[in-house]
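The values are calculated or read from the model by the stated rules, or taken from the named source; none is laboratory data. Worth saying up front: this structure is predicted, and the values here are computed from it rather than measured. Quick reminder, even Gly has a Cβ in these numbers, built from the backbone with ideal geometry, and neighbours come from all protein chains shown.
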Amino acid sequence: DDDEDSHDEL
Amino acid sequence: MNIFRFAGDMMHLLSVVVLLLKIHKMKSCAGISLKTQELYALVFICRYLDIFTGFISLYNTIMKIVFLASAFSILWYMRSHKVVRQTYDKDQDTFRHYFLILACMVLALLVHHKFTFREVMWTFSIYLEAVAILPQLVMLQRTRNIDNLTGNYVFFLGTYRGLYMLNWVYRYLTEVHYHHRWLTWISGFIQTALYADFFYYYVKSWRNNEKLQLPA
């Protein structure tokens, strides 16, 4: 699950 | 990274630079809400919990460090610097910001995409960022003479999330695996909408070449 890693914005 | 996201980040950065310029060069934080600044520091802490564990790009890491460092230096100036802290108008900065923190925490615990510590903290930071400007807006309304730097600071800060919304639309249309989160869209919309009144008077004063003043 890559949900948490998808916070690629600031 | 698309142009909207980059422009949004630059606006955000510019707002911080303008505020630090005012504080550092003018040695004044007149008209600036310490409560809003405290909320932003909390927003950055909760959102960037992954700063050392989740590497995305050098750009992201550097920007996170810059936002965290600037938030804490602003707090230090306003609370501890012997000259700057005397220009802080405590009596005008009366917003009960602890209620905002509490309300956003409760909402994040109830409405989130995944119930993990990091995801709830991330969600909390999104909700809190949306409303963090409120103490500052209330203070602006009470300030008779809003100086240019303060006006520009709030303007850049308001523009940043609006550009992020264009970025989300762009990513939604162009990226197949884009994880769009509706709570971010709603929060971003509320965050930008809170500035609507301010934008109106900012543009009006700029066009008429007058000093910015918000109606009480």
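The table below gives the values:
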read-out: Meets criteria (over 17 Å from B:TYR40 (Cβ atoms) and surrounded by 12 or more Cβ atoms within 10 Å (Cβ to Cβ)) for B:HIS112; value: yes
read-out: Which listed residue, of B:ARG144, B:ARG207, is surrounded by fewer than 16 Cβ atoms within 10 Å (Cβ to Cβ), at pLDDT below 95 and within 22 Å of B:SER28 (Cα to Cα); value: B:ARG144
read-out: Residue ID - nearest to A:GLU9 (Cα to Cα), chosen from residues in the stretch B:91-125 that are in contact (Cβ under 8 Å) with a residue 24 or more places away in the chain and charged (D, E, K, R); value: B:ARG118
read-out: Test: B:LEU13 is more than 14 Å from every other protein chain (Cβ to nearest Cβ), assigned to a helix (DSSP H, G or I), in contact (Cβ under 8 Å) with a residue 24 or more places away in the chain and among the aliphatic types (A, V, I, L, M); value: no
read-out: Close pairs (8 angstrom Cβ cut-off, 6 or more residues apart or separate chains): charged (D, E, K, R) in the stretch B:162-181, part of a loop (DSSP other than H, G, I, E, B) anywhere; value: B:ARG171/B:ASN2; B:ARG171/B:TYR178; B:ARG171/B:HIS180; B:ARG181/B:HIS113
read-out: Residue count, the stretch B:26-51 (criterion: more than 14 Å from every other protein chain (Cβ to nearest Cβ) and not charged (D, E, K, R)); value: 13
read-out: Flag for B:PHE6 being touching a residue at least 24 places away in the same chain (Cβ under 8 Å), part of a helix (DSSP H, G or I), out of contact with any Cys (no Cβ under 7 Å at 6 or more places or on another chain) and loosely packed, with under 15 Cβ neighbours inside 10 Å; value: no
read-out: Among the residues listed as B:ILE51, B:ILE32, the single one being in contact with a helix residue (DSSP H, G or I) (Cβ under 9 Å, 6 or more places away or on another chain), part of a loop (DSSP other than H, G, I, E, B) and without any contact (Cβ under 8 Å) to a residue 60 or more places away in the chain; value: B:ILE51
read-out: Single residue of B:ILE56, B:ILE45 found to be within 23 Å of B:ALA130 (Cα to Cα) and β-branched (Val, Ile, Thr); value: B:ILE45
